[in-house]
Amino acid sequence: MVNLKINGRDVSVKEGTTILDAAKSIGETIPTLCYLKDINEIGACRVCVVEVEGTERCVTACNNFVEEGMVVYTNSRKVRTTRKTNVKLILSQHDYKCGTCIRSGNCTLQSLANELNISEMPYDSILEKDNWDKTFPLIRDARKCIKCMRCVQVCDNIQGMHVWDVVNTGSRTTVNVRGNHKIHETACTLCGQCVSSCPVGALTERDDVGIVLDAVENEDIITVVQVAPAVRTAWGESFGLSKDFATAQRLVAGLRRIGFDYIFDTTFAADMTIMEEGSEFLERLPEIKESGLPMFTSCCPGWVKFIKSQFPDMAGRLSSAKSPQQMFGAVTKSYYAEKLGVDPEKIFCVSIMPCIAKKDECTWDGGKDVDAVLTTREVERMFKAFFIKPEELGEDEFDDPLGSGTGAGVIFGATGGVMEAALRSAYFLVTGKNPEADAFQSVRGLDGWKEAKFNLAGTDIRVAVASGLGNARRLMNAIRNKEVHYDFVEIMSCPGGCINGGGQPYKEDASDVEARKNVLYGLDRHNSIRFSHENPSVQACYKEYFEKPLSHRAHELLHVEE
Ligand code: HC0
Ligand code: SF4
């Protein structure tokens, strides 16, 4: 152990502890800006500076380690002055028009400037030119970038995509797309993990609230909105609501106030996906066994973009089933339009997703299924614009019939959920009997690469589940090199799955993801139906319209063309 003093208090911590963590262990706050635990610990912003007795210059607390006998002051006059100057210098390269910034109210730099009582700026601002293509789903505003390096590190080290880099030299040094390329020339998967880690408003999603409200206000248009599984785990976070209070039903009540005509649940389509993908898996199983190569899930658009650009030779092994988002749009504009007796052209289908890549996915395949995608954060902004007070909302039910999903459908939002739901129904399809609902729970959990083996009526099924594209790449290389053999593989591009999607509210730390995961498994546990094949609305949809999974019509509407 190392003994030191922080702000006059004795502290004893393990060797190798940073000053930041040592201070935290006794409840002393040192502000940070660029710091991201285990990902970006480079002291670039110099906001976490502290005074160490015997050293002339303040040192950064996030990447300097404790030493025996050290005497540290985290908020002395010298520290406060230095910190204030550092933040002013950052602000001088930042377009601090907070009144019009999307991050106003949850921007780390704004909070710091307030906390440090910065009320005037002695420096003139030097801003970069902004020439970003604003039609791209991921928006970067160069004038807001503070060069904290978080996006670079997350995209390099967690996602392994290397989209961002330090570019130019001298005073023109900045962060931008690697090699000064245009973003659409890169392999960016739109996972949005860089957006989630940006502490200011430099990286955001394209805001599509305007086109959605245009549709809501157009009386000739029927607006149908679907809510993704993971959105219900997190939408209340930015309003400071508890998980118990911020239910999907309260979100429905808020959406109703905005004026959507029908409010449905993506979990309905997740159950349909299981019917299609599960049946497809069983149909392909002989070939899978013969080739020794797995079938991959296809519901995460970041992952689909990834495999197509990074492992194109294996893209043919993706399930041909559309994602729940897309299936939902297709079912709405066919089966449901027929039920309503309206021209599908009059339906405007909106998805609320925890994801930025879904904004891109809805344009694939001619863009006919889903018309607009809003992230969980955009819903927050929409609620604020309507002066909806979520804490005063009652609960309201999803509409029928596309508003009912099973416990299997809801766990799609967590890594391993699609696999578990698929295995529950595959077991039934093979044996004619339901397994224990929790029989496949070994694929749960936030580990980046999990594997399991199950026996389905005498056949061993080897499965793997990965989340985070760095893990996906390792897994794909291992498959390619024949180091591992799986029959069915689920991959989600965001670490932990959609609960940690790039369109979710900004989170404080990893425990938020764990809490979101627990919401989904709680909803599954308490759902009276836990098998996709038992969803009565899905059964009716097949009976009345699609006939059976993999039927001609199902292929036409629910699968991508191969
Ligand atoms: Fe997901 Fe989905 S689970 S990708 O994370 O499969 O975004 O929540 O909506 O489509 O259902 C996201 C979440 C979805 C889809 C579903 C899948
Ligand atoms: Fe990298 Fe994902 Fe950001 Fe694209 S969206 S730049 S892949 S982290």
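The values are calculated or read from the model by the stated rules, or taken from the named source; none is laboratory data. Keep in mind that what you see is a predicted model, and the values were worked out from it rather than measured. Cβ atoms come from the backbone with ideal geometry, glycine included; neighbour counts cover every protein chain shown. All accessible areas refer to the heavy atoms of the entire protein, side chains included, with ligands and DNA or RNA removed. Shrake-Rupley method; radii C 1.70, N 1.55, O 1.52, S 1.80 Å.
The trypsin sites (Lys or Arg not before Pro) of the stretch 82-149 that meet both conditions, a loop assignment by DSSP and at most 15 other Cβ atoms within 10 Å of the site Cβ, are LYS97, LYS129, LYS134. The solvent-accessible area of PHE488, taken with every protein chain present and a 1.4 Å probe, is close to 0 Å².
First compute the accessible area of the stretch 21-90 with a 1.4 Å probe, then give the percent of it belonging to carbon and sulfur atoms. For the stretch 21-90, the apolar C and S fraction of the accessible surface comes to 49 percent. Grab the beta carbon distance between ASP220 and ARG256, set R0 = 22 Å, and tell me the FRET efficiency rounded to 0.05. Computed FRET efficiency for ASP220 and ARG256: 0.60.
For the chain, the longest principal axis of the C-alpha atoms and the axis of helix 510-526 are separated by about 20°.
Size descriptors for the stretch 170-298, from the alpha-carbon set: Rg then Dmax equal 21.0, 61 Å. The stretch 385-443 and the stretch 25-71 have Cα centres lying 44 Å from one another.
Working note: Karplus 6.51/-1.76/1.60 with θ = phi - 60° gives the stretch 380-392 the couplings 4, 5, 5, 4, 5, 5, 9, 6, 7, 9, x, 5, 9 Hz, where Gly and Pro are set to x.
For the chain, the pair-distance distribution built from all alpha carbon pairs, in bins 20 Å wide starting at 0, is 21, 51, 25, 4, 0 percent. Computed over the stretch 428-562, the quotient of the alpha carbon radius of gyration and 2.2 N^0.38 Å is 1.24. For the stretch 213-237, backbone nitrogen atoms closer than 13 Å to the point 7 Å from ASP343 Cα along Cα-to-C-beta are found at 220-222.
Inverting the mean 1/r over all pairs of different Cα atoms, compute the Kirkwood radius of the stretch 123-204 and quote it in Å. Working shown, then result.
Working: mean 1/r = 0.0772 Å⁻¹.
One decimal place: 13.0 Å for the Kirkwood radius.
Of the chymotrypsin sites (Phe, Trp or Tyr not before Pro) found in the stretch 110-212, the ones in coil according to DSSP and having at most 12 other Cβ atoms within 10 Å of their Cβ are TYR123. One equal scatterer on each Cα of the stretch 397-455, no solvent, Debye formula: the resulting log10 I(q)/I(0) at q = 0.21, 0.22, 0.30 Å⁻¹ is -0.84, -0.90, -1.27.
Using the Karplus relation 6.51 cos²θ - 1.76 cosθ + 1.60 with θ = phi - 60°, the per-residue 3J(HN,Hα) values for the stretch 230-240 come to 6, 4, 5, 7, 9, 4, x, 4, 6, 9, x Hz, with x marking Gly and Pro.
Compared with the alpha-carbon gap, the fully stretched path from GLU397 to LEU241 is longer by 54.2 nm at 0.36 nm per residue. The distance between label points at VAL430 and ARG77 comes to 7.5 nm (points 7 Å beyond Cα on the Cα→Cβ vector). For the residue pairs LYS134/LYS243; LYS368/LYS543; LYS84/LYS384, the alpha carbons lie more than 30 Å apart in LYS134/LYS243; LYS84/LYS384.
Straightening the chain between MET121 and ILE211 buys 28.6 nm, computed as 0.36 nm per residue apart minus the Cα-Cα spacing. Computed 3J(HN,Hα) for the stretch 40-50, one whole-Hz value per residue from the Karplus formula 6.51 cos²θ - 1.76 cosθ + 1.60 where θ = phi - 60°, is 9, 10, 10, x, 5, 7, 6, 7, 8, 4, 9, glycine and proline marked x. Averaged over its residues, the stretch 207-562 has an accessible area of 37 Å² per residue, based on protein heavy atoms and a 1.4 Å probe. For the pair ALA510 and GLU290, a Förster radius of 41 Å applied to the C-beta separation gives a FRET efficiency near 0.50, rounded to the nearest 0.05. Residues in the stretch 123-204 average 44 Å² of solvent-accessible surface per residue, probe 1.4 Å, ligands and nucleic acids excluded.
How high is the relative contact order of the chain, given as a whole-number percent (alpha carbon pairs under 8 Å, six or more residues apart)?
Details: 1071 pairs, mean separation 83.9, N = 562.
Once normalised by length, the contact order is 15 percent.
A crude spin-label estimate for the pair SER442 and GLU483, with each label 7 Å from Cα along the Cβ direction, gives 2.2 nm. Projecting label points 7 angstrom from Cα along Cα→Cβ for ARG172 and HIS184 puts them 2.5 nm apart.
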